[in-house]
Amino acid sequence: MPVTLAGYTVEPLVDVEGAFFPLAIVFPDVPLESWEPYRDRFPDTFSQEDMLYTRVTCYLIRGHGRTVLVDAGIGAGPDPLFGHQRGRLLQELAQRGLAPGDIDTVILTHLHPDHIGWAAQSGQPTFPRARYLVHARELETFQREEVRAAMHQIAPGYLDRCLDPLQQAGIPATVDDDTEIAPGLHLTISPGHTPGMMRVVLRGTPGSLWLVADTFTHPAQVTEPTWCSAFDMDRSQAIATRFEVLGRAHEEDALVMASHFPTTPGRIRQENDSFRWEPISD
Ligand SMILES: [Zn+2]
């Protein structure tokens, strides 16, 4: 559902969704029985006994004369990592009357394959008029040979297809740890899942909205911040960032959205000594 805040409208755009990953692959250290308390609470995040039901969500932010896309999904596909599906981001934009040339800013929260799939196509940037923003540390990390080799194991060739054309054209603009890119629209370092992952924070008066990307892969991690996904590149840093985000978002009573959660925004509630994810009801 769209959220209006700080002079912007924020709409989640689901590029693809489905049961793509076994729990034991994404969370190899979490025993299957530990998921039990969360099955009733978050039924739309599981498929059968042992599979996650996953969304890959991008966001369209419009306001203050800007048309901003947060993340670029899995791409045109068909993508073997996501059930050979094709991403539908461009159709979602078209349904809102937007062509790729209407996007003025593309924020790449991080450079995993499910976040930059549509960044470039056939060697050209997909969004021809946009500036593409990525954290400096993220860009540096994903140029390293060993990181590229590890990523190639997960999604063969995606960096060559989706990132290299942007770099060859000198397109990505790097940002630092906390940057206001438009009035009230901030990018803040949120490291651990990847070294230079960023969250997007809209600050209004009152209220704030945090798009936390993959700080949390599953809403159970709000209560279990030490649960790491296999895709957390630095586990201890990822855990530290989860605790930091939980504390601050709770303190601010922020609305929160995460790339792979159901698209309904939620809040971080305190429950005894821990936190829990509470989707807002309309
Ligand atoms: Zn992701």
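Among the residues of the range 198-216, which ones are away from the ligand (no atom under 16 Å from the Cβ), in contact (Cβ under 8 Å) with a residue 60 or more places away in the chain and assigned to a strand (DSSP E or B)?
Leu202, Arg203, Ser208, Leu209
Need the failing condition index for Ala230 against (1) in a loop (DSSP other than H, G, I, E, B); (2) buried (at least 20 other Cβ atoms within 10 Å of the Cβ); (3) at negative phi; (4) of a type outside the set (Ser, Thr, Tyr), just the number.
Of (1) in a loop (DSSP other than H, G, I, E, B); (2) buried (at least 20 other Cβ atoms within 10 Å of the Cβ); (3) at negative phi; (4) of a type outside the set (Ser, Thr, Tyr), only one is false for Ala230: (2).
Quick grid of which residues meet (1) free of Cβ contacts under 8 Å to residues at least 24 places away in the same chain; (2) among the basic types (Lys, Arg); (3) assigned to a loop (DSSP other than H, G, I, E, B):
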site: Val68; (1), (2), (3): no, no, no
site: Leu90; (1), (2), (3): no, no, no
site: Leu98; (1), (2), (3): no, no, yes
site: Thr109; (1), (2), (3): no, no, yes
site: Pro128; (1), (2), (3): no, no, yes
site: Glu140; (1), (2), (3): no, no, no
site: Gln153; (1), (2), (3): yes, no, no
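Restricting attention to the range 89-97, does a residue exist that is among the acidic types (Asp, Glu), more than 21 Å from the chain's Cα centre (by Cα), farther than 30 Å from Cys228 by Cβ and surrounded by 14 or more Cβ atoms within 10 Å (Cβ to Cβ)?
No.
Only one of Pro219, Pro191, Pro195, Pro225 is within 16 Å of the ligand (Cβ to nearest atom), in contact with a Lys or Arg (Cβ under 6 Å, 6 or more places away or on another chain) and not polar (S, T, N, Q). Can you tell me which?
Pro195
Could you give every pair whose Cβ atoms fall below 8 Å, whose first residue belongs to the range 9-38 and is exposed (fewer than 14 other Cβ atoms within 10 Å of the Cβ), and whose second residue is assigned to a strand (DSSP E or B) and of a type in the set (Val, Ile, Thr), counting only separations of at least 6 or pairs across chains?
Thr9/Val3; Thr9/Ile61
Between Leu139, Leu185, which is within 20 Å of the chain's Cα centre (by Cα), more than 16 Å from the ligand (Cβ to nearest atom) and within 22 Å of Thr263 (Cβ to Cβ)?
After ruling out the rest, the residue left standing is Leu185.
As an exercise: evaluate Phe275 against (1) more than 16 Å from the ligand (Cβ to nearest atom); (2) surrounded by 15 or more Cβ atoms within 10 Å (Cβ to Cβ); (3) part of a helix (DSSP H, G or I) and give the number of the one condition it does not meet.
The number of the failed condition is (3).
Tally time: how many residues in the range 20-76 are modelled with pLDDT of 95 or more and on the phi > 0 side of the Ramachandran plot?
6
Taking the conditions exactly as written (of a type in the set (Asp, Glu), over 25 Å from Leu13 (Cα atoms), more than 15 Å from the ligand (Cβ to nearest atom) and in contact (Cβ under 8 Å) with a residue 40 or more places away in the chain), does Asp234 satisfy them or not?
yes
Report yes if Met151 is under 29 Å from Pro265 (Cα atoms) and within 16 Å of the ligand (Cβ to nearest atom), otherwise no.
Answer is no for this residue.
The values are calculated or read from the model by the stated rules, or taken from the named source; none is laboratory data. From a predicted model like this one, the values you see are computed outputs, not experimental measurements. Ideal geometry is used to build each Cβ from the backbone, glycine not excepted, and the neighbour counts take in all protein chains shown.
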